[in-house]
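J.: Quick one: this structure, given as C-alpha cells, is what I'll be asking you about.
Nothing in this text is a laboratory measurement; each read-out follows from the coordinates by a stated rule. From a predicted model like this one, the values you see are computed outputs, not experimental measurements. Note: ideal-geometry Cβ built from the backbone for every residue, glycine included; neighbour counts use all protein chains shown.
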Amino acid sequence: MTSKTGLNRRQVVAAAGAGLATSLVPGRSFGQSGGHVVVVGGGFGGATFARFLRRTAPTVRVTLVEPLRRYVACPFSNLVFGGLRTLSDQTFGYEALRAEGIDVVRQTAEEIDPDQKTVTVADGTVLSYDRLMLSPGVDIDFSGLSGYDETAAAVMPHAWKAGPQTDLLNRQLRDMDDGGLVIISAPANPFRCPPGPYERASMIAHYLKTEKPKSKLLILDAKDGFSKQGLFQQGWDALYGDLIEWVGLSDGGQVVSVDASAKTVNTDFDSYTPAVANIIPPQKAAAIARRAGVTDASGWCPIDPVSFESRLQKDIHVIGDASIANAMPKSAFSANAQAKICAIQVARLLSGEEALPSTLANTCYSLIGPNYGISIAGVYRPGENVLEEVPGAGGVSPLDAPPQNRQLEAQYAEGWFNTITSEVFGA
C-alpha cells in the first residue's frame, strides 16, 4: 500500500510511533507517579492500556475489571464464516496481565460514582480510583431497528460481538440449503469496524462459492458508500462474480424493520425472506459508560483529543469504540494505539504534569478472499477539540495492484493480528 505522500504502510505507522516517542517520553521515567488506576473493559483498548501503564509507571497500582475469563477477538472473526479460522483461534486469556502485576477482577462493573471516584462491581466490591479508564466497547442498540431485539437476535444474529453470536451465524450458514439467500443488513455510521460488514460479505461469499454455489448474498445498506468500497467491489467482481449484490441507501437498501417470527427483512420498498439474515443494527457506547455519565445525546463519549479524558466527567478517560474520536475509526488498531498514548498521558497526569499532544495511526486490513487482502491507513492528531486526520499522510491499497500485492496484504493482515494479540494478551 502506498499513501498519498508516497509513504508505505510501515513508514506511516513508524512515523506515528516516532511522533509519540519524541513528543511524550524523551528520556522520561514516571516511576514515582503512584496512585491507583482502574480500567473497565479487557479488550484491545483496556488490556493494552493496563499493560502499558504498568510498564510506563511501575509504582501505579493497576486494576482491570473484566467479567470474562477469556476474550474472543472481533478482528479476524469474519474468517470463521469463510472456514479459514475457528473461534478457538480468536480466544485469549489474561494470564500475562496478571503476571505483570495487574490485578484482574473477574466481575462486571455495575456502577461508577465520579464524585466519590469509585467503581462498584457485581459482587458489591467498591474500588476507589485516582483515575479511571473506560474501554467498554459497544452495546447493540436494540431500539434502533423496529422489530429487532434480543429475541430476534437469536433468529437473525448480529454477530457483532465475537463469541456465541458468531457461532450461531456460522451454524445457520452451514445448515442452509444450496441456493438460499443470505442477507447482511449494514447500519448507518458510526459503528464498530466500518469495513467489517463488507469483509464479512466477502468471507461468506467465499464459503458459498466453495460449498453452496447456487446461493446469493445481498447486502442491504443504510449508507450510500462504505470504507474501501472500490477495492471491495473490484475484489467481489474478480472472485465472486454476481454472487454478491450491494444495495445502497438511495436505491432502497436501508432496512427499516424485521420480523423474526416470519423471518422477514423489510426496506421501504421491498420485503425479503432470506434463508439466513445477519442483521447488524445501530450501536452505542456500552451501558457502563452511560451510567458513568460520560455519554452525550449521540450515545457515544466525547473526549479531549490530547488526553482522552471525558469532556463530561473529570478524571475519567475513554478510549476505543465507545469514544468519539471523530476522524479516527472505531477499530482494534485504533483502540490499541489510543491505549498506548493514553497510558503515557495518564502517567504524566498522575505525576502532576500536563498531557502533551501526540500523533496516532490506524491501519485497517480486510480480507476479500484467502489470499486477497486490502487496507486503509490514516494518521491523526489533535485539532480544535477533535482528532483530525493529517492530510496526505494515509492512503488505501491501489486499485491497479497485481495479485501478488493482494497476497502480500493478506499476509500483512495475518502478521498484524498475530502481533497485536501477542502484544496485548501474550506472555
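J.: For the stretch 114-176, what does the alpha-carbon gyration tensor say about shape, rounded, prolate or oblate, given a ≥ b ≥ c as the root eigenvalues, a/c under 1.5 as rounded, and a/b over b/c as prolate?
T.: Prolate, since a/c reaches 1.5 and a/b exceeds b/c.
J.: While we're on this one: Got a sec to turn the phi values of the stretch 81-86 into Karplus ³J(HN,Hα) couplings, 6.51 cos²θ - 1.76 cosθ + 1.60 with θ = phi - 60°, whole Hz, x for Gly and Pro?
T.: 5, x, x, 9, 8, 10
J.: Find the centroid of the Cα atoms in the stretch 280-359 and in the stretch 37-52, then give the distance between the two in whole Å.
T.: Cα centroid of the stretch 280-359 versus Cα centroid of the stretch 37-52: 12 Å apart.
J.: Using a basic spin-label model with each label point 7 Å from the Cα along Cα→Cβ, how many nm lie between Ser128 and Thr419?
T.: 4.2
J.: What nm value, rounded to one decimal, do you get for the distance between Asp304 and Glu354 when each label is placed 7 Å out toward the C-beta?
T.: Between Asp304 and Glu354, the simple spin-label model gives 1.0 nm.
J.: Under the rule of at least 5 residues apart or a separate chain, name every residue whose amide H is placed under 5 Å from the amide H of Gln107.
T.: For Gln107, the qualifying residues are Glu66.
J.: Could you give the length gained by full extension between Glu211 and Glu389, i.e. 0.36 nm per residue of separation minus their alpha carbon distance, to one decimal place?
T.: Details: separation 178, 0.36 × 178 = 64.08 nm, distance 4.20 nm.
So the extension gain works out to 59.9 nm.
J.: May I ask you to compute the full-extension gain from Ala401 to Ala99, defined as 0.36 nm times their residue separation minus their alpha-carbon distance, rounded to one decimal in nm? Don't skip to the answer; put the middle values down first.
T.: Values: separation 302, 0.36 × 302 = 108.72 nm, distance 4.43 nm.
Result: 104.3 nm gained on full extension.
J.: Given Lys212/Lys284; Lys117/Lys330; Lys214/Lys330; Lys161/Lys340; Lys117/Lys340, which pairs have Cα atoms separated by over 30 Å?
T.: Numbers: Lys212/Lys284 35 Å; Lys117/Lys330 27 Å; Lys214/Lys330 35 Å; Lys161/Lys340 23 Å; Lys117/Lys340 23 Å.
From Lys212/Lys284; Lys117/Lys330; Lys214/Lys330; Lys161/Lys340; Lys117/Lys340, over 30 Å: Lys212/Lys284; Lys214/Lys330.
J.: Output the relative contact order of the stretch 144-248, whole-number percent, from Cα pairs under 8 angstrom with separation of 6+ residues. Can you show the working numbers first?
T.: On the way: 103 pairs, mean separation 28.1, N = 105.
Reported relative contact order: 27 percent.
J.: Of all DSSP beta bridges located in the chain, what percent are antiparallel, nearest 5?
T.: Values: 36 of 68 bridges.
DSSP beta bridges in the chain are roughly 55 percent antiparallel.
J.: Also, I was wondering about something else. Is the C-alpha gyration tensor of the stretch 150-283 telling us rounded, prolate or oblate? Criteria: a/c under 1.5 is rounded; beyond that, a/b larger than b/c is prolate, otherwise oblate. Don't jump to the answer; show the numbers that get you there.
T.: On the way: a/c = 1.28, a/b = 1.04, b/c = 1.24.
Judged from the Cα gyration tensor, the stretch 150-283 comes out rounded (a/c under 1.5).
J.: Over the residues of the chain, compute the C-alpha Rg and express it relative to 2.2 N^0.38 Å.
T.: Details: Rg = 21.4 Å, N = 427, 2.2 N^0.38 = 22.0 Å.
The reported ratio for this selection is 0.98.
J.: Follow-up question, since we're still on this one. Which value at 222 nm does the chain reach when only helices count, each DSSP H run of 4 or more adding -39,500 (n - 2.57), with the total divided by all residues and rounded to the nearest 500 deg cm²/dmol?
T.: Working: 10 runs with 125 residues, N = 427.
After summing the helix terms and dividing by residue count, I get -9000 deg cm²/dmol.
J.: So for Ser77, Ser351, fewest C-beta neighbours within 10 Å to most, what's the order? Write out the running numbers ahead of the final one.
T.: Working: Ser77 26, Ser351 17.
So the residues, fewest neighbours to most, are Ser351, Ser77.
J.: Each label point is 7 Å from the Cα along the Cα-to-Cβ direction; what then is the distance between the points at Leu408 and Arg106, in nm?
T.: Computed distance between label sites Leu408 and Arg106 equals 4.5 nm.
J.: Could you tell me the calculated FRET efficiency between Val155 and Ala188, based on Cβ-Cβ distance and R0 = 25 angstrom, to the nearest 0.05? Display every interim value, and only then the final one.
T.: Working: r = 23 Å, r/R0 = 0.91.
According to the calculation, E is roughly 0.65.
J.: Kindly put Met133, Met328 in sequence by how many other C-beta atoms sit within 10 Å of each C-beta, fewest to most. Before the final figure, lay out the partial values.
T.: Working: Met133 27, Met328 24.
Least to most surrounded, the residues fall as Met328, Met133.
J.: When a footprinting reagent is the concern and you count Cβ atoms within 10 Å, what order do Lys209, Lys284 take, fewest first? Provide the component values of the computation, followed by the final result.
T.: Numbers: Lys209 18, Lys284 22.
Going from sparsest to densest Cβ surroundings: Lys209, Lys284.
J.: Oh, and also: Mind checking the full-extension length gain between Asp268 and Asp141? Use 0.36 nm per residue of separation minus the Cα-Cα distance, one decimal, nm. Let's see the in-between values first.
T.: Numbers: separation 127, 0.36 × 127 = 45.72 nm, distance 2.05 nm.
Gain in length upon complete extension: 43.7 nm.
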